[in-house]
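See below for the structure under consideration.
The values are calculated or read from the model by the stated rules, or taken from the named source; none is laboratory data. Since we're looking at a predicted model, the values are computed, not measured. Cβ coordinates were reconstructed from backbone atoms using ideal geometry, including for glycine residues, and neighbour counts include every protein chain displayed. We work out accessible area using only protein heavy atoms, side chains counted, and drop any ligands, DNA or RNA first. Shrake-Rupley method; radii C 1.70, N 1.55, O 1.52, S 1.80 Å.
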Amino acid sequence: MREAGIVAISDDGRPVMNARVMRRAMELARALDLTVIDHCEDLNLSAGGDMHEGRESVRLGLGGIPSASEDVMVARDLLLAELTGARFHVAHLSTERSVAMVAFAKTRGINVSCEVTPHHFAITDQELAGYDGNYKMKPPLRCRHDADAVIEGIVNGVVDAIATDHAPHAGSDKMQEFERCPFGITGLETAIGLSLAELVHKGRITVNRMVELFTTGPANILKLDRGTLAVGAPADVTVFDMHREWEYDVQQSFSKSRNSPFGGRRFRGGPLATIVGGEIVWTYIQAIQAKNHPES
């Protein structure tokens, strides 16, 4: 696979519970100069849980997923990364302690990076009031102090990238009872709007820093020559307007699924055009025209 061009290995969706297996994976990844991307979840601690364990899960009568289910795996794999010298990346980090551990590991010189998602810094478990499956994801929406810690991690430079953890599911799957519906939400179309709203417009980071978190940040984690506007670089570009006001209509989504908790939310700032390989593949104007004239 390395010879075929892979740049990382990941356990996302099936966390490696055996520490010895993870150690061997890290040793091989280091030898092959690959990044290890880890979904940090102790399946024994999260078993039977549907949302963050805390006051809200008790109030709603839903099984809880404790912060510790993430924290203990982050701690384990940071120790293994130090032991093996592997390049270790924590996916969709969501808790206060995990942010603190990654920050400490960086001061020790451990080769670690991390990402967060817009939904983990934009909303919390308090939003989950109506048993709406579109608010069910892993890691789950955490409490306010976890979300604040994630934002602080972005502000102080601990966080290296913003990723959507885009996970589409059919409406029939998400419209089941909360305990039965699958984990995961879509996030590509609202990522810029949420990041502008929660990070840039509130003065927490600059727009240049936000762009880095979406572009050169991920590229550096995977050691890819991408994410820049340099001459000769791949022409994959999103053009956005920081102040355009728009409403996210989940029914007009370009995804084949509609499982987003942000349907009907209004934003200030969002994409105007998408360029892939030098070709304009989407524009805001075209989307408006298609919405107003669906028959065309």
Pairwise label distance in nanometres, I288 with D225, each label 7 Å out on the Cα-Cβ vector = 4.0
note = Contact order relative to length for the chain, counting C-alpha pairs under 8 Å separated by 6 or more residues, stands in percent at 13
ask   = Just how far, in whole angstrom, is region 171-236 from region 75-153 if you go by their alpha carbon centroids?
value = 15
inquiry  = Can you tally the lysine pairs in the chain where the Cα-Cα distance is under 23 Å and the two residues are eight or more apart, or on different chains?
reply    = 7
remark   = Given backbone amide H placed at 1.01 Å from N, residues whose amide H is under 5 Å from that of R258, ignoring those fewer than 5 places away on the same chain, are H169, G171
query = Ignoring ligands, DNA and RNA, what accessible area per residue does the chain give at 1.4 Å, in Å²?
reply = 50
inquiry  = Can you sort M175, M210 by solvent-accessible area, 1.4 Å probe, largest first?
reply    = M175, M210
message = Computing the accessible area with a 1.4 Å probe over protein heavy atoms, can you report the carbon and sulfur percentage for region 7-89?
response = 55
inquiry  = Can you compute 3J(HN,Hα) from phi for each residue in region 65-80, using the Karplus curve 6.51 cos²θ - 1.76 cosθ + 1.60 with θ = phi - 60°, rounded to whole Hz and x for Gly and Pro?
reply    = 10, x, 4, 4, 5, 7, 4, 5, 6, 4, 4, 4, 6, 5, 5, 5
ask   = Of all the accessible heavy-atom surface of region 124-258, with the other protein chains kept in place and a 1.4 Å probe, what percent is carbon and sulfur?
value = 52
ask   = Taking a probe of 1.4 angstrom, what is the accessible area of E179 in Å², to the nearest 10?
value = 100
